[in-house]
Amino acid sequence: MKRRSLGVLAALAAAASLAVAGSAWAQGKYVHANNSGYDNLDPHAVYDVGRAASRINFYDGLYRWVDNPPKMIPWLAESYTASPDGKTWTFALRKGVKFHDGSEFTAEDVVYSIERLLAMKKGAASLFLPIIDPGSTKAPDKYTVVFTLKEPSAIFFATVPEILIVNSKLVKRNEKDGDWGAAWLARNVASTGSYKLKRYDPAIGFVGERFKEHFAGWEKKAFDEIEFRTVLETNTRVQGLIKGDFQGTDGYLPYDQILRLKEAKNVQILEAESMRVFYFSIHNARGPMSDVHFRRALAYAFDYDGFIKDILKGAVARNPGPNPNNLWGAPKDLKGFTYDLEKAKAELAKVKEPLRPITIGTLAGFSETEQAATLLQNGAKKIGIDIKIESAPWPVVQSRMQDRDKNYDMVPLWKSTYYVDPNNWVGELYGSRYIGTRNASYTKDAELDSWIDEALAVNDQEKRRVLYEKAATKVTDEAMGIFVYNTKWYGPYAANVGGIRFSPIGSGQDMRWAYYK
């Protein structure tokens, strides 16, 4: 009798779940199963693809990246001018833009937002700390903001969308002990963005409701609510999409799961070329990884063809260096490493420092990172290198990577697109100016720094291309990382979802354009 009761309860629960999911479209609600947790909503603390949805949907910047190939469109700003020396940038702001609380957005909010970003030294701050001094950004009037750079920057305009604007008056009211409102903004939203925060639980995710007064206006069929729910298990995300519990999930699923979803009549797969390089981050400042021969031994011990052709079924393209193949600044004749255990043994024989077991940190819920780590573990074992594998959620892995001492020896992960410039890849990953923020390899190489710094200071793209190609070649030849492939995006959505505007920046999670057909 007890078994029957439990069975009835389970059936009722399943039916209720399907009823709720099935009616989501009728309610104008979109539910997304995310492969990473949302432990923080602060737009100046969070800066990764795993948690991009909260930044993109709740917040606005002066300009915005859209579509593929990515392009920038005016957003909170209507236009800009730059001085001949490239150091003074003046933005004319839109008038009449409202925050979620009804107050007006002005230049004062832009100034506060950049000052807050610089002071907190988190998130996208690493892009601006080298070129903007605190106190140097001014608001000559209510609708004009002027950025004065310490030096010309070839990437400044491309990074402007990363200055997300917060409601300065509201945040100031919630500051405690000089924290710039960090504790409050971790759990709340103060913005002009497309969606307002309706509900948030760090353990579950967030729900946003459409901000009807958004300055950009709305299509009639736009979602009234969006929910981004943390679902770490790949199979659960896929099953949920097939059942109708979710209307979307991440576009970088293992290819066998993409094939599985292609067979479901209620699911559509959108395909696009991306700029998302999969690689092993290596802690270059810790022995024995600080020895170029040890790193090369590891690079020769990874079975690239086996991973790409057998595990990933050829759904990605071999990318031998840090810059994506489909971007200028990627050397056209770069060969990269191949799977060659004899060459691996020869490099290992040159290592003078005593060997020790090394640890690879993989991303929970991202099965490819675990598969890649296991493949390298097997190859390394054949040449006498012992590798241990630990798995943790992305926010945990990211936090450890930003600490020189706590960082793993290696981490397999993706370097995604935040702005379209080679500096997004080889510059941030291996330039010493980004150590502790974007440079989790802790590489400090004088020659490499000279090329990266020069490329940031000149606007001539041909000169910059040569410099970035030199940098990418050196990084590859010295195995500062193990570079595997460039990704193709396969966006899985419910068949009745329309209006998805994929951009490598945001990976198709900007929901203000989307609707039910």
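The values are calculated or read from the model by the stated rules, or taken from the named source; none is laboratory data. Keep in mind that what you see is a predicted model, and the values were worked out from it rather than measured. Neighbour counts run over all protein chains shown; Cβ positions are idealised from the backbone, glycine included. Side chains are part of the model used for accessible areas, which takes the heavy atoms of the whole protein and leaves out ligands, DNA and RNA. Shrake-Rupley method; radii C 1.70, N 1.55, O 1.52, S 1.80 Å.
Full extension of the chain between K121 and S136 yields a length gain of 3.8 nm, computed as 0.36 nm times the residue separation minus the alpha carbon distance.
Of the complete DSSP H runs in the chain, those spanning 24 angstrom or more by Cα along the long axis with a mean Kyte-Doolittle score not below 0.0 are 2-22.
Remark on the chain: ratio of C-alpha radius of gyration to 2.2 N^0.38 Å is 1.00. Entry comment: accessible area of the range 205-336 is 40 Å² per residue, from protein heavy atoms only and a probe of 1.4 Å.
Sparsely packed loop sites in the range 26-108 (the trypsin sites (Lys or Arg not before Pro) outside DSSP H, G, I, E and B with at most 15 other Cβ atoms within 10 Å) comprise K95. Diffusion coefficient of the range 420-517 by Stokes-Einstein, Kirkwood radius over Cα pairs, 10 °C, 1.306 mPa s: 101 µm²/s. Annotation note: GluC sites (Glu not before Pro) in the range 177-223 located in DSSP loop regions with a Cβ neighbour count of at most 13 within 10 Å are E219.
The modelled label-to-label distance between E175 and E104, using points 7 Å beyond Cα along the C-beta direction, is 2.4 nm. Taking every alpha-carbon pair under 8 Å whose residues sit at least 6 apart, the chain reaches a relative contact order of 21 percent. Summed over the residues of the range 374-471 and divided among them, the accessible surface reaches 41 Å² per residue at a probe radius of 1.4 Å. In this structure the range 92-160 gives 36 Å² per residue of accessible area when probed at 1.4 Å with all protein chains present. Relative to the current alpha-carbon distance between E263 and R404, full extension at 0.36 nm per residue lengthens the span by 46.2 nm. Spin-label pair A186-A285: with each label point 7 Å from Cα along the Cα-Cβ axis, the two points sit 2.5 nm from one another. Of the solvent-accessible surface of the chain, computed with a 1.4 Å probe over protein heavy atoms with every protein chain present, carbon and sulfur atoms account for 51 percent.
In the chain, helical runs assigned H by DSSP with n ≥ 4 each contribute -39500 (n - 2.57); averaged across all residues and rounded to the nearest 500, the mean residue ellipticity at 222 nm is -8500 deg cm²/dmol. For the range 180-223, the fraction of C-alpha pairs farther apart than 16 angstrom is 46 percent. In this structure the amide hydrogen of D445, modeled in the peptide plane, comes within under 5 Å of the amide hydrogens of S432, none closer than 5 places in sequence on its chain.
A simple spin-label model places the labels of E454 and K220 5.9 nm from each other, with each point 7 Å out along Cα-to-Cβ.
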